[in-house]
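The numbers here are math on the coordinates, done by the rules we state, and not lab data. Remember, predicted model here, so these are calculated numbers, not experimental data. Don't worry about glycine lacking a Cβ; one is built from the backbone with ideal geometry, like all the others, and counts go over all protein chains shown.
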Amino acid sequence: MANVIAKVGVYGDIHLNSKNYGAHRDYPKESLEYFSKITEVTRTKQLTHLIGLGDFSFGRFHSLEYRLAIERNLEEQYKLTNGNRFEIRGNHDEAGYGFTERDYYIEKGLLRPSTNLTLGNVNISMVDYGKHETTDVKIDNDDNHFNIILAHDFFKFSTSQVANYGKAIELDNFTRWFGVDYIALGHVHKIMKFKGHIFKDGLAREVVVDYLGCMTRPSYRDGHMDENGQVLIFTVYDDGSLDVDTEIIPLWSLDESFNLEVKQKQQQKKEEKAARVDISDVVKQLDAHDRSVGNPEDIINTMTDVDEKYKAKAIELLKNALA
């Protein structure tokens, strides 16, 4: 029977913050709960490695109580994994004011920066935000190895049917990563998974691309919210086999997590603003027109440089006034 060499847990952006954020009812409490769930998964699944995909925090923590709770989780995660606790640098882990929280905990020794690992026949390469062109990745392009890349950026294939999450890096001809089997990504906050091919020298290699999402769901987008978070787990065996599993972490319901009443009011105001019709141009032209030519409704309809919706509204108001 095969023995386990390693169990590697990977989670997406966690965006820890001790202040309330966006339309959340209690962002500090919610983010701390999810971070504690990651610790629980590390313990119950007996993970030997735990890797975050970047964006460890939104700015610096401002509450000592919050910091203490995060540090207790980090200390337990570090202990459970014997120090194999890594965090990729995301775009929010960079700041002009000095240390970010990720930097601070790397300095304290509770987090380790991106590196490359070889566990049995599995290669794992960690790539910081914006460093895909310069980071050396470990890829053995043969039938005996399984190559994994963990990164923080928006990658897709030219044929990928995904929403626009900014400027994408296309993988089709990104030959530096030819031979990779699995790419797990942060940065995009929506869970999604698809396949494609990287081409080199007339050869094609199929790749799985897996976005792990963001449990803390910093921003609310109606119809685009995940209801569960996940921790991706790679189990490496000494016979060369590999299991890829996903541990589901239930998230707070949307009405528990977000102040939907505020979001609804904001949406209502937006719709009301969009529905307002500026008919000032119609009034000006009508006022300047020779009224002996025809009735006002006909005059409005013959205006060629006014949007149809403005003309329709002007006619509606005219009829109401004459009623």
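For a quick check of your reading of the filter: which GluC sites (Glu not before Pro) in region 104-203 sit in a DSSP loop and have no more than 16 other Cβ atoms within 10 Å?
Within region 104-203, the qualifying GluC sites (Glu not before Pro) (loop, at most 16 other Cβ atoms within 10 Å) are Glu133.
Determine, from the Cβ-Cβ distance of Thr246 and Asp140 and an R0 of 30 Å, the FRET efficiency 1/(1 + (r/R0)^6), rounded to the nearest 0.05.
About 0.75, to the nearest 0.05.
On a full-extension model of 0.36 nm per residue, what is the gain between Lys79 and Leu64, subtracting their alpha-carbon distance, rounded to one decimal in nm?
Roughly 3.2 nm would be gained on extension.
When the dipole is taken about the Cα centre of region 46-174, and only Lys, Arg (+1) and Asp, Glu (-1) are charged at their Cβ, what size is it in debye, to the nearest 20?
Dipole of region 46-174, to the nearest 20 debye: 360 debye.
In a shell of Cβ-Cβ distance under 14 Å around Lys7, excluding Lys7 itself, what net charge do Lys and Arg (+1) and Asp and Glu (-1) give?
Overall, the nearby charge balance is -1.
Less than 9 Å Cβ to Cβ from Phe178, Lys/Arg counted +1 and Asp/Glu -1: what total charge do the surrounding residues give?
+2
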